[in-house]
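Novice: This is the structure I have questions about; it appears just below.
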Amino acid sequence: MAVETPAAATAAPRRTPRGPLRGPRFGRNGSETLAAWLFLLPSLAGFLIFTAGPVVAAGVISLLDWNLFSPPHFTGLDNFARLGPDTTFWSALGNTAYFTFVSVPLTLLVSLGLALLLNQGLRRMAVFRSLLLLPYATITVAVAFVWVWLYIPHDGLINAVLGVFGIDGPAWLISDDWAMPALILMSVWKSFGFGMVIFLAGLQAIPQQLYEAARVDGASPWRTFRAVTLPLLSPSVFFTVVTSIIGSFQVFDQALVMTDGGPGSSTTTLVMYIYRTGFQNYEQGYAAAQSMVLFAFIVVITAAQFLLQRRLVHYDI
């Protein structure tokens, strides 16, 4: 028979907590939430003030007849109705689409090729990476002025190099046929560094065991690229394609500096036409309507890309 000791008899029974200890956990979670909002606040404020706010304001102004100097008048959808017979608007939209759907694939190919080359473990890779990224970090206007000199028909460096090989170079920026390709070539050189860095980061995240398994199976380099590299690099490709298309639809600086939209209207982009409509012709309502159409095009194309990425982009290794 067990004997009960005095200590056991006098000890207070242990109590099981009936609920969670809310005090410390609530305070910790609350402070973390507050800290998160404080960190997000600068970016969120910038987005609301400089992105969402102007989009809403442009939508409102597109319904007005306003020249900046007199009181605005509500006109409804009249500014959008003007877009139909405006041949300059559709020409500018076509030029922008031409620029986008030629420059973006070329930029992606150059970026991917250089990223694959830098991923081979070259010595002083950081130096080469910095040098190749330099064009992207340079101001577009400054780069555009340099390329204007390169494109001079008789004394420019590009035609001089072509002349060494017996090729008579074109009058780049004053030719209806070559002005837009000249802008595209300059833009590819200016932009490839961004995609190169993104692709290089994606390549370095691919496990080396997969390449070793492919070599054991006897896969050729092209087969390895198609079956291993490209699928696992697809998130980087998707991100670069989306951002590049959005940026290319807003091309403005190089066209303004290098050609001013000419010769004729062969390099007049949609953003340039919006600028001229709003700040040279002082038709703010009509310019806002054009900008809303451009915004709609970008939204539709971006949404289509997000729908396609469900089938084409692989996030699992």
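The values are calculated or read from the model by the stated rules, or taken from the named source; none is laboratory data. Given the structure is predicted, the values throughout are model-derived calculations rather than measurements. Heads up, the Cβs are rebuilt from the backbone with ideal geometry, glycines too, and the neighbour counts pull from every protein chain shown. Only protein heavy atoms, including side chains, enter the accessible area calculation; ligands, DNA and RNA are left aside. Shrake-Rupley method; radii C 1.70, N 1.55, O 1.52, S 1.80 Å.
Novice: Which one is nearest to ILE298 (Cα to Cα) among residues in the range 72-94 that are in contact with a helix residue (DSSP H, G or I) (Cβ under 7 Å, 6 or more places away or on another chain) and in a helix (DSSP H, G or I)?
Specialist: Residue satisfying both the conditions and the ranking: LEU93.
Novice: Then there's this: If we only count helices (runs of 4 or more DSSP H) wholly inside the range 131-206, which ones have 2 or more residues that are in contact (Cβ under 8 Å) with a residue 24 or more places away in the chain, under 21 Å from the mean Cα position of the chain (by Cα) and under 24 Å from SER265 (Cβ atoms)?
Specialist: 140-150, 179-204
Novice: Does the range 265-274 include one or more residues that are without any contact (Cβ under 8 Å) to a residue 60 or more places away in the chain and out of contact with any His (no Cβ under 9 Å at 6 or more places or on another chain)?
Specialist: Yes, there is a match, as at least one residue in the range 265-274 is without any contact (Cβ under 8 Å) to a residue 60 or more places away in the chain and out of contact with any His (no Cβ under 9 Å at 6 or more places or on another chain).
Novice: I'm trying to understand the selection: among the residues of the range 46-64, which are out of contact with any Leu (no Cβ under 9 Å at 6 or more places or on another chain) and crowded, with 17+ Cβ neighbours inside 10 Å?
Specialist: Once the filter is applied, which keeps residues that are out of contact with any Leu (no Cβ under 9 Å at 6 or more places or on another chain) and crowded, with 17+ Cβ neighbours inside 10 Å, the range 46-64 yields ALA58, ILE61, LEU64.
Novice: If the Cβ limit is 7 Å and pairs must be 6+ apart or interchain, which residue in the range 40-60 that is under 21 Å from ALA288 (Cα atoms) pairs with which residue that is in a helix (DSSP H, G or I) and open to solvent by 60 Å² or more (accessible area, probe 1.4 Å)?
Specialist: Listed by first residue and then by second, the contacts come to VAL55/PHE295.
Novice: While we're here: Spot the failing condition for ASN119; the list is (1) in contact (Cβ under 8 Å) with a residue 60 or more places away in the chain; (2) more than 22 Å from VAL197 (Cβ to Cβ), and only one is missed.
Specialist: The failed condition is (2).
Novice: Identify all residues within the range 95-120 that are touching a helix residue (DSSP H, G or I) at 6+ places or on another chain (Cβ under 8 Å), open to solvent by 70 Å² or more (accessible area, probe 1.4 Å) and under 22 Å from PHE295 (Cα atoms); write none if there are none.
Specialist: TYR98
Novice: Another question about this same structure. For the range 231-262, which residues satisfy the criterion of being in a helix (DSSP H, G or I) and β-branched (Val, Ile, Thr)?
Specialist: VAL237, THR240, VAL241, VAL242, THR243, ILE245, ILE246, VAL257
Novice: Please find, among ARG124, ARG129, the residue that is of a type outside the set (A, V, I, L, M, F, W, C), closer than 29 Å to ILE198 by Cβ and touching a Leu at 6+ places or on another chain (Cβ under 7 Å).
Specialist: Residue meeting the stated conditions: ARG129.
Novice: Here's something else I'd like to know. Look through the range 263-288, keep the residues that are of a type in the set (Ser, Thr, Tyr) and in contact with an Asp or Glu (Cβ under 8 Å, 6 or more places away or on another chain), and return whichever of them is least open to solvent (accessible area, probe 1.4 Å).
Specialist: THR277
Novice: Before we move on, is THR268 under 19 Å from the mean Cα position of the chain (by Cα) and closer than 27 Å to VAL110 by Cα?
Specialist: So THR268 does not fit the description; no.
Novice: With respect to the numbered conditions (1) open to solvent by less than 40 Å² (accessible area, probe 1.4 Å); (2) within 24 Å of MET272 (Cβ to Cβ); (3) modelled with pLDDT under 95, which one is the sole condition not fulfilled by GLY76?
Specialist: (2)
Novice: Is it true that LEU210 is open to solvent by 60 Å² or more (accessible area, probe 1.4 Å), in contact with a helix residue (DSSP H, G or I) (Cβ under 7 Å, 6 or more places away or on another chain), without any contact (Cβ under 8 Å) to a residue 12 or more places away in the chain and farther than 22 Å from PHE99 by Cα?
Specialist: Considered against the rule, which asks whether it is open to solvent by 60 Å² or more (accessible area, probe 1.4 Å), in contact with a helix residue (DSSP H, G or I) (Cβ under 7 Å, 6 or more places away or on another chain), without any contact (Cβ under 8 Å) to a residue 12 or more places away in the chain and farther than 22 Å from PHE99 by Cα, LEU210 comes out as no.
Novice: Let me ask something else. Among SER220, SER244, SER234, which is within 30 Å of GLN120 (Cα to Cα), polar (S, T, N, Q) and open to solvent by less than 20 Å² (accessible area, probe 1.4 Å)?
Specialist: Exactly one residue qualifies, and that residue is SER234.
Novice: Moving on. Being within 21 Å of ILE274 (Cβ to Cβ), touching an Asp or Glu at 6+ places or on another chain (Cβ under 9 Å) and among the aliphatic types (A, V, I, L, M) narrows it down to one of LEU93, LEU63, so name that one.
Specialist: On inspection, the qualifying residue turns out to be LEU63.
Novice: Conditions: (1) free of Cβ contacts under 8 Å to residues at least 60 places away in the same chain; (2) open to solvent by 30 Å² or more (accessible area, probe 1.4 Å); (3) assigned to a helix (DSSP H, G or I). VAL228 meets all but one. Number of the miss?
Specialist: Single failed check for VAL228: (2).
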